[in-house]
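Engineer: I have a structure here, written as structure tokens, and I will follow up with some questions on it.
The values are calculated or read from the model by the stated rules, or taken from the named source; none is laboratory data. Since the structure is predicted, the reported quantities are computational estimates derived from the model, not experimental observations. FYI the Cβ positions are ideal-geometry reconstructions off the backbone, even for glycines, and counts take in every protein chain you see.
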Amino acid sequence: METETIVARLKSSGLFQTKGFIGGKWIDAYDGKTIEVNNPATGEVIASVACMGEKETQDAISSAYDAFGHWSKLTAVDRSSRLRKWYNLLIEHKEELGQLITLEQGKPLKEAIGEVLYGAGFIEFYAEEAKRIYGDIIPSPLPDRRLFVLKQPVGVVGAITPWNFPFALITRKVGPALACGCTVVVKPSELTPFTALAVAELALRSGIPPGVLNVVMGDAPKIGNYLLESRQVRKITFTGSIAVGKKLMASAAETVKKVSLELGGNAPFIIFDDADLEVALKASVASKFRNSGQTCVCTNRLLVQEGIYDKFITAFSNAVQNLKVGNGFSEGVSQGPLINEAAVQKVESLVQDAISKGAKVVVGGKRHDLGLTFYEPTVISDAKNEMLIARQEIFGPVAPVIRFKTEEEAIQIANDTDSGLAAYLFTNNIQRSWRVSEALEYGMVGVNEGIYSSEGAPFGGVKQSGLGREGSKYGLDEYLEIKCICMGNMG
Ligand code: SIN
């Protein structure tokens, strides 16, 4: 399907927006600047969007700050019902939203619609949780004193979101923030702004008041810096690279903002000799090649025990060879393009480094004949944990497979990284599954399961993979302050 045809259809639904969203209004950049957004599957320009900076961010923060007074005072039931309406609209428009995701991000349409269902789930979940933000009564140390704990919204939130999940990583942040009574300024990736704008349009239609949700995009450093410097912004939530996360954390120190960070991963996928090979095989393909390998929780390294190593490599390579690469709008495609040329170059350099150090390419190993940013789904055997491909986050469709002998060795290799987001292990031994899960230094562990995420499960990492949790009941804590009220003279 042509980019133009899809855009025309989306325009007629009112979901194709190109301006920023501030105080409930669609706004051009104040200096009229725009930035082009490309379809990675065709290289075509989809459209230009407002390229905003400091002044627009300042106004978005002021709108959010003003709206906070009203939104935070609504009853939880009222906030909940508006979130519920928003959820219903997101589901009603899942096809269009999925098309926007495929258009600007490249993932196959079926996967994109899956992201909408997954992401909308956060809005539904937090519509429900909004009504369950309880406080505490604490036993008093003195007979005439009473102690109460209130949970209150932190205030204005700056949410900086990435391109790989242009929908779900907005709803996973905005859902709990709004449920708690916070207001938000979202800065989506300049590579994928259209989905964010459509999400904002549906928020407006669902009765979420002007100023509660704002979207500014364009000059990422300027917008990011302003969000960090502002004294009115009390919380920054970010998903992205470890390097950028560290910078944000340092800058947030200046105004002592609350910070939650979901940073990069280096997920090990451990298959023991006693695993069900069929289960492990299916899960490894799903976990490695989801979104063409461009998720923080994608398998980065497969660790396979020596007894089944060769058998696994053969079966895995056959499965990977059959993955269909192409434009996400084409039937049967499961592997879209990488997001940009820099992403392909990174993958190429990691593969070259592995080959130069003795690894072997079993399947793929080069750019796809389709050109642009398409890369062949790739399997690399004889990989070692010292290779760059096992130390850096690949973020592409390349699976290095490492051989190990013992459980201790597998745990040692798996934990030998500064990252600690997701890990997966495959075994039919119940004691081993528990023992290894406990030993893995990761925030999320899949046992005989390669896709972990859902709205009810806490998502987040340890070590340099981040701070805080998103999703689940724990995700609310990131947007709440604890206030203790001590009442005296109560005897
Ligand atoms: C991510 O890549 O950060 C999100 C993946 C997910 O939510 O499963």
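Engineer: Pull up the range 103-138, narrow it to residues that are of a type in the set (A, V, I, L, M, F, W, C) and more than 16 Å from the ligand (Cβ to nearest atom), then point me to the one that is surrounded by the fewest Cβ atoms within 10 Å (Cβ to Cβ).
Structural biologist: If we take residues in the range 103-138 being of a type in the set (A, V, I, L, M, F, W, C) and more than 16 Å from the ligand (Cβ to nearest atom), then Ile137 is surrounded by the fewest Cβ atoms within 10 Å (Cβ to Cβ).
Engineer: Still on this model: Can you report the number of residues in the range 259-281 which are within 12 Å of the ligand (Cβ to nearest atom) and either on the phi > 0 side of the Ramachandran plot or part of a loop (DSSP other than H, G, I, E, B) (or both)?
Structural biologist: So the answer is 3.
Engineer: Restricting attention to helices (runs of 4 or more DSSP H) lying wholly within the range 361-451, give those where 1 or more residues are touching a Ser or Thr at 6+ places or on another chain (Cβ under 6 Å) and on the phi < 0 side of the Ramachandran plot.
Structural biologist: Fully inside the range 361-451 and qualifying: 430-439.
This table checks each residue for (1) surrounded by 21 or more Cβ atoms within 10 Å (Cβ to Cβ); (2) closer than 30 Å to Asp273 by Cα; (3) in the same structural domain as Leu117 (by TED's automatic domain parsing).
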position: Phe426; (1), (2), (3): yes, yes, no
position: Gln431; (1), (2), (3): no, yes, no
position: Arg435; (1), (2), (3): no, yes, no
position: Glu438; (1), (2), (3): no, yes, no
position: Gly450; (1), (2), (3): yes, yes, no
position: Lys473; (1), (2), (3): no, no, yes
position: Tyr479; (1), (2), (3): yes, no, yes
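Engineer: Taking the stated definitions as given, is Asn318 closer than 21 Å to Pro166 by Cα and either within 16 Å of the ligand (Cβ to nearest atom) or without any contact (Cβ under 8 Å) to a residue 12 or more places away in the chain (or both)?
Structural biologist: no
Engineer: Scan the range 139-160 and give yes if some residue there is within 16 Å of the ligand (Cβ to nearest atom), modelled with pLDDT of 95 or more and not in a helix (DSSP H, G or I), otherwise no.
Structural biologist: There is at least one residue in the range 139-160 that is within 16 Å of the ligand (Cβ to nearest atom), modelled with pLDDT of 95 or more and not in a helix (DSSP H, G or I).
Engineer: Does Val216 qualify as being surrounded by 23 or more Cβ atoms within 10 Å (Cβ to Cβ), within 17 Å of the chain's Cα centre (by Cα), closer than 23 Å to His93 by Cα and not basic (Lys, Arg)?
Structural biologist: Taking the combined requirement at face value, the residue does not satisfy it.
Engineer: Which count do you get for residues in the range 351-381 that are under 20 Å from Ser284 (Cα atoms) and surrounded by fewer than 18 Cβ atoms within 10 Å (Cβ to Cβ)?
Structural biologist: Summing the residues that are under 20 Å from Ser284 (Cα atoms) and surrounded by fewer than 18 Cβ atoms within 10 Å (Cβ to Cβ) in the range 351-381 gives 2.
Engineer: Another question, then. Restricting attention to the range 282-303, report how many residues are small (Gly, Ala, Ser), crowded, with 24+ Cβ neighbours inside 10 Å and within 14 Å of the ligand (Cβ to nearest atom).
Structural biologist: So the count comes out to 3.
Engineer: Same structure, new question: Cβ-Cβ below 7 Å, separation at least six or inter-chain, first residue in the range 350-378 and charged (D, E, K, R), second surrounded by fewer than 14 Cβ atoms within 10 Å (Cβ to Cβ): which pairs?
Structural biologist: Note: pairs meeting the criteria are Glu376/Lys366.
Engineer: For the range 1-54, name all the residues that are in contact with a Lys or Arg (Cβ under 8 Å, 6 or more places away or on another chain) and in a loop (DSSP other than H, G, I, E, B).
Structural biologist: If the condition is that a residue be in contact with a Lys or Arg (Cβ under 8 Å, 6 or more places away or on another chain) and in a loop (DSSP other than H, G, I, E, B), then Asp28, Tyr30, Cys51, Gly53 are the ones that fit.
Engineer: Please work out if Pro221 is out of contact with any Phe, Trp or Tyr (no Cβ under 6 Å at 6 or more places or on another chain), assigned to a loop (DSSP other than H, G, I, E, B), modelled with pLDDT of 95 or more and closer than 30 Å to Gly32 by Cβ.
Structural biologist: no
Engineer: Among the listed residues Leu248, Leu323, identify the single one that is among the hydrophobic types (A, V, I, L, M, F, W, C) and either at pLDDT below 95 or in a loop (DSSP other than H, G, I, E, B) (or both).
Structural biologist: Sole residue among the options that is among the hydrophobic types (A, V, I, L, M, F, W, C) and either at pLDDT below 95 or in a loop (DSSP other than H, G, I, E, B) (or both): Leu323.
Engineer: Return the total of residues in the range 461-482 being in a loop (DSSP other than H, G, I, E, B) and at negative phi.
Structural biologist: 3
Engineer: Residues to consider are Leu197, Leu191; find the one that is part of a helix (DSSP H, G or I) and modelled with pLDDT of 95 or more.
Structural biologist: It is Leu197.
Engineer: Condition test on Glu92, is it away from the ligand (no atom under 15 Å from the Cβ), within 28 Å of Asn39 (Cβ to Cβ) and without any contact (Cβ under 8 Å) to a residue 12 or more places away in the chain?
Structural biologist: Yes; evaluated as a whole, the condition is true for this residue.
Engineer: Another question about this same structure. Scan the range 74-105 for residues that are in contact with a Gly (Cβ under 9 Å, 6 or more places away or on another chain) and outside any helix (DSSP H, G or I) and jot them down.
Structural biologist: If the condition is that a residue be in contact with a Gly (Cβ under 9 Å, 6 or more places away or on another chain) and outside any helix (DSSP H, G or I), then Leu74 is the only one that fits.
For every residue, the table says whether it meets (1) of a type in the set (Asp, Glu); (2) over 24 Å from Val325 (Cβ atoms).
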{"site": "Leu263", "(1), (2)": "no, yes"}
{"site": "Ile270", "(1), (2)": "no, yes"}
{"site": "Asp276", "(1), (2)": "yes, yes"}
{"site": "Ala283", "(1), (2)": "no, no"}
{"site": "Asn291", "(1), (2)": "no, no"}
{"site": "Thr295", "(1), (2)": "no, no"}
{"site": "Cys298", "(1), (2)": "no, no"}
{"site": "Asp310", "(1), (2)": "yes, yes"}
{"site": "Ile313", "(1), (2)": "no, no"}
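Engineer: While we're looking at this one, here's another question. Going by the conditions given, is Ser48 assigned by TED's automatic domain parsing to the domain that holds Ser12, surrounded by fewer than 19 Cβ atoms within 10 Å (Cβ to Cβ) and either within 16 Å of the ligand (Cβ to nearest atom) or not hydrophobic (A, V, I, L, M, F, W, C) (or both)?
Structural biologist: Judged against the criteria, Ser48 is a match.
Engineer: While we're looking at this one, here's another question. Identify, by number, the condition in (1) more than 30 Å from Asn415 (Cα to Cα); (2) surrounded by fewer than 22 Cβ atoms within 10 Å (Cβ to Cβ) that Ile223 doesn't meet.
Structural biologist: Result: Ile223 fails condition (2) only.
Engineer: Then there's this: Does Ala168 count as within 15 Å of the ligand (Cβ to nearest atom) and either crowded, with 24+ Cβ neighbours inside 10 Å or in contact (Cβ under 8 Å) with a residue 40 or more places away in the chain (or both)?
Structural biologist: Considered against the rule, which asks whether it is within 15 Å of the ligand (Cβ to nearest atom) and either crowded, with 24+ Cβ neighbours inside 10 Å or in contact (Cβ under 8 Å) with a residue 40 or more places away in the chain (or both), Ala168 comes out as yes.
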